[in-house]
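Visitor: Pasting a structure below so you can have a look.
The values are calculated or read from the model by the stated rules, or taken from the named source; none is laboratory data. All figures in this text were calculated on a predicted structure; none of them were measured in a lab. Using ideal geometry, Cβ is built from the backbone for each residue, glycine included, and neighbour counts are taken over all protein chains shown.
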């Protein structure tokens with residue numbers, strides 16, 4: 001080979017080297033993997049960052065869990081199908097989400113179901129066995145039923161494991177702790193972790209000293225924030241509804257919306273400490289409705305089982321009422337948020353405001369009237385309002401109008417109506433001139 005071709009070949013090789021090196025260094029993009037068998041879903045869960053999509057109903061093989069590796073994340077799409085894991089083996093969570101890992105559950109097609117029952121000392125979804133706290137679990141849709149084994153939470157920690165971070169945005173979630181475990185939160189001697197509920201229907205039940213949401217037996221409540229949805233939290237045998245397990249302090253609970261019913265086991269608070277535990281903090285961000293059966297400013301639990309409600313902020317148009325009672329020797333509180341719905345008629349007849357409970361729908365009022373105009377509907381923030389939409393906060397509805405000819409009711413808002421009006425005026429003017437010159 002002569003010198004010139006050799007130099008050209010060397011230059012070409014150098015030019016290709018950099019893009020090839022960059023290509024080899026670029027990580028593979030996350031993929032969506034459809035699965036139809038148990039072996040396929042197990043393998044798919046081993047790949048960090050992938051979306052695993054159910055394409056058939058799957059039942060787990062006996063004594064086998066579904067495992068997310070440490071420091072990895074999985075998005076799991078139920079896709080309208082069902083996954084059932086009820087026998088993962090002792091010391092195994094049905095779906096293992098270690099403290100450094102995350103799981104996101106979606107159901108893009110609707111109707112999907114996940115059933116996850118943990119083995120002894122393990123959560124249904126979360127930590128497995130001794131000292132293993134739950135990781136980060138987010139539920140966006142679907143029907144999820146998670147049950148802990150002995151000493152495990154439904155969603156959260158295994159034996160001596162804290163609750164991790166659980167966020168529920170929608171769907172139907174039923175989380176039940178095993179003996180000494182919380183429904184959502186810590187396993188036996190595991191604290192509550194961080195739980196946020198933004199919507200959906202959530203039922204969380206502890207067992208034998210565990211809180212509904214919060215700490216396992218002999219453990220403290222975590223940080224619980226409820227922004228919407230319907231939540232029912234029940235502690236068992238001295239565990240709080242929301243807060244500490246037996247002998248555990250209450251932690252911090254903040255209620256910003258939705259409907260929450262929390263019932264403690266014997267001698268435990270509905271929201272606050274378990275038996276022999278200290279109170280905790282309850283903040284309710286709204287204005288009490290003084291006309292309710294029990295004003296929300298009263299102690300929300302029972303006797304000495306919790307602290308008073310505090311109101312750090314008072315959003316306009318948001319209220320609540322709380323009803324307290326004693327159930328089987330423990331405290332119980334039902335706290336429901338209410339919202340003010342106002343109607344701005346923009347020059348029309350006035351419409352009285354409405355107050356309704358979270359999740360209820362606004363009653364469409366009688367149409368307002370305005371001289372010279374035709375009512376065309378209600379809008380919210382510039383868009384037509386759907387009265388079948390459940391209310392999740394205060395709302396201002398604005399009336400919209402179009403001009404109308406008062407004596408005939410003719411619509412003159414558009415070009416055709418305006419042209420008709422001008423034509424009629426022109427004809428009338430010509431007729432008057434003819435009469436004047438006749």
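Visitor: Does at least one position in the stretch 67-76 carry a residue that is under 26 Å from residue 222 (Cα atoms) and in contact with a helix residue (DSSP H, G or I) (Cβ under 9 Å, 6 or more places away or on another chain)?
Guide: yes
Visitor: In addition: Cβ-Cβ under 7 Å, sequence separation 6+ or interchain: first residue in the stretch 173-186 and more than 19 Å from residue 228 (Cα to Cα) and assigned by TED's automatic domain parsing to the domain that holds residue 240, partner surrounded by fewer than 24 Cβ atoms within 10 Å (Cβ to Cβ) and at pLDDT 95 or above. Which pairs?
Guide: Final answer for the pair search is 178/150; 179/150.
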